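Participant: I'd like to ask some things about the structure below.
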């Protein structure tokens, strides 16, 4: 699925992923291909993007996520610092 993570200042990530996990206000939410359309609010926490090459983690202060047509768009305030990548 296509994934974009966008902050007011810049794009943090744009690419393909096998799954995405976000910190929803009601708990952690995970998305795979063919997920039902959804728009929801995010709380502070980590957005995790998994791909065939590993997992990248982006700490956010909060925001909004939209899932539609095998695409995930995260509009968020970034906590700053560097993000992590694990293979």
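The values are calculated or read from the model by the stated rules, or taken from the named source; none is laboratory data. Bear in mind the structure is a predicted one, so any value in this text is a computation, not a measurement. In this analysis, Cβ positions are derived from the backbone assuming ideal geometry, glycine residues included, and neighbour counts consider all displayed protein chains.
Participant: Could you grab me the full set of residues in region 68-80 that are modelled with pLDDT under 80 and farther than 10 Å from residue 58 by Cβ?
Facilitator: 80, the sole residue that qualifies.
Participant: Could you please give the count of residues in region 1-16 that are modelled with pLDDT under 95, part of a strand (DSSP E or B) and over 11 Å from the mean Cα position of the chain (by Cα)?
Facilitator: 1
Participant: Here's another thing I want to ask about it. Taking region 68-77 as the search range and keeping residues that are surrounded by fewer than 21 Cβ atoms within 10 Å (Cβ to Cβ) and in a strand (DSSP E or B), which one is nearest to the chain's Cα centre (by Cα)?
Facilitator: For region 68-77, the residue satisfying everything is 73.
Participant: I've got another one for you. Can you tell me which residues in region 31-61 are at pLDDT 95 or above, farther than 17 Å from residue 15 by Cα, more than 11 Å from the chain's Cα centre (by Cα) and part of a strand (DSSP E or B)?
Facilitator: Those that are at pLDDT 95 or above, farther than 17 Å from residue 15 by Cα, more than 11 Å from the chain's Cα centre (by Cα) and part of a strand (DSSP E or B): 38, 39, 40, 41.
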